[in-house]
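All remarks here apply to the structure that follows.
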Amino acid sequence: MTGGINTVRGWVRTCRSLCVLTGAGVSAESGVPTFRGPEGLWKMRDPMTLATPEAFAADPREVWEWYQWRRQRIRGCAPNPGHAALAAVEAAIPDFLLVTQNVDGLHRLAGSRQVAEIHGSIWVVRCAGCGAEREERDDFADLPPRCTACGGLLRPGVVWFGEMLPPGPSSAAMEMLSRCEMLIVAGTSAVVAPASGYAGVAKRRGARVIEVNPDETLVSAICDATFRGKSGDVLPALFGHPKSA
Ligand code: BV8
Ligand code: ZN
């Protein structure tokens, strides 16, 4: 680990191609429950058992109750200084991509535009019958909701365990990982594949890898610099936007 904050600020200042990978930890300071944190549990059910096609096939109403609960929680959350710093740095770096595992939409709300939502969005619904997809921010009166076109079951526009990632965001991420000079990994435990392998892809290609996470993770060992702090504090400091007084 060679890079202190000033060293990494220098790397950022001269960087022409930056990729950032984020996870639930980046939204923690906004009040969004992390996946593995104690506050992420719903009815004491492990999220991993609900975010699957099998759970939806078995009980679509229960799965929708969980997603409606999460939408209601997230609707009350606002982007934090970590989201804001990432939205701001996007304009300063010619070649930039924010790859997020988060389905909460807070990066876009903060103003980020170069975003690859590799696990989808909780604000999108897709018909399991005809495939029609649209953004829907309001709560559904009746669960599970039905498609107005074909009457099929609507499902959340997220990627469930055992499902492939959406080709567009996934290939954009892989292309960026294969050319970026630097990868910042913020707020992820790096447990869920294929995103858990992204830092290794960038590192093998010679990119500098920086981690922002209060805790050690499965990718800490390959990082050129690690910042054991909250992304709401560290990211503004890294990108030269000191946290507003
Ligand atoms: C796939 C959307 C091909 C849904 C999500 C066995 C071995 C290896 C892999 C597998 C296996 N069995 C199955 C697999 C594949 C599986 C997988 O990886 N499973 C894991 C659990 C072992 N992956 C898949 O199924 C993927 N698809 O592989 O397709 C395929 C197809 C068929 C069969 C085989 C393969 C699809 C994965 C996507 C699933 N969908 N979300 C929804 O949200 O409802 S994943 C979901 O969980 C999130 O999107 C995210 O990716 C993950 C949670 O991880 P994190 O975001 O990192 O959050 P976490 O809570 O874990 O950690 C938070 C971190 O933040 C912590 O480190 C903490 O310290 C830190 N933190 C806290 N506060 C702060 C902070 N950091 C900074 N600041 C703070 N303030
Ligand atoms: Zn339909």
Based on C-alpha coordinates, I'd like the Rg and Dmax of the range 73-139, in Å. 13.6, 43
Keeping every protein chain present and rolling a 1.4 Å probe, give me the accessible area per residue for the chain in Å². 45 Å²
Using Cβ-Cβ distances only, list the Cys residues of the chain with no partner cysteine under 4.7 Å, sorted by number. 15, 77, 223
Which residue, 113, 45, 13, tops the fluctuation ranking in a GNM of the chain built on C-alpha contacts under 10 Å? 45
Mind listing the Cα extents of the range 138-209 along all three principal axes, in Å, largest one first? 50, 23, 23
Report, in deg cm²/dmol and to the nearest 500, the calculated mean residue ellipticity at 222 nm for the chain, where each DSSP H run with n ≥ 4 adds -39500 (n - 2.57) and the sum is divided by the residue count. -9000 deg cm²/dmol
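From largest to smallest, what semi-axes in whole angstrom does the range 96-245 give when each is the square root of 5 times an eigenvalue of its alpha carbon gyration tensor?
Numbers: eigenvalues 214, 67, 35 Å².
Calculated on Cα positions only, the semi-axes equal 33, 18, 13 Å.
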Accessible surface of residue 181 - all protein chains present, 1.4 Å probe, nearest 10 Å²: 90 Å²
Please compute the modelled spin-label separation between residue 148 and residue 72, points set 7 Å along Cα→Cβ, answer in nm with one decimal. 2.4 nm
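Could you please state how large a percent of the accessible area of the range 135-236 is carbon and sulfur, counting protein chains only and using a 1.4 Å probe?
On the way: 2500 of 4660 Å².
Solvent-exposed carbon and sulfur of the range 135-236 make up 54 percent of the total.
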Any idea what the dipole of the chain comes to, in debye rounded to 20, about its Cα centre with Lys/Arg Cβ at +1 and Asp/Glu Cβ at -1? 500 debye
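The values are calculated or read from the model by the stated rules, or taken from the named source; none is laboratory data. All values derive from a computational prediction rather than experimental measurement. All Cβ positions, even for glycine, are placed from backbone atoms using ideal geometry, and neighbour counts span all protein chains on display. Ligands, DNA and RNA are excluded from the accessible area calculation, which covers all protein heavy atoms including side chains. Shrake-Rupley method; radii C 1.70, N 1.55, O 1.52, S 1.80 Å.
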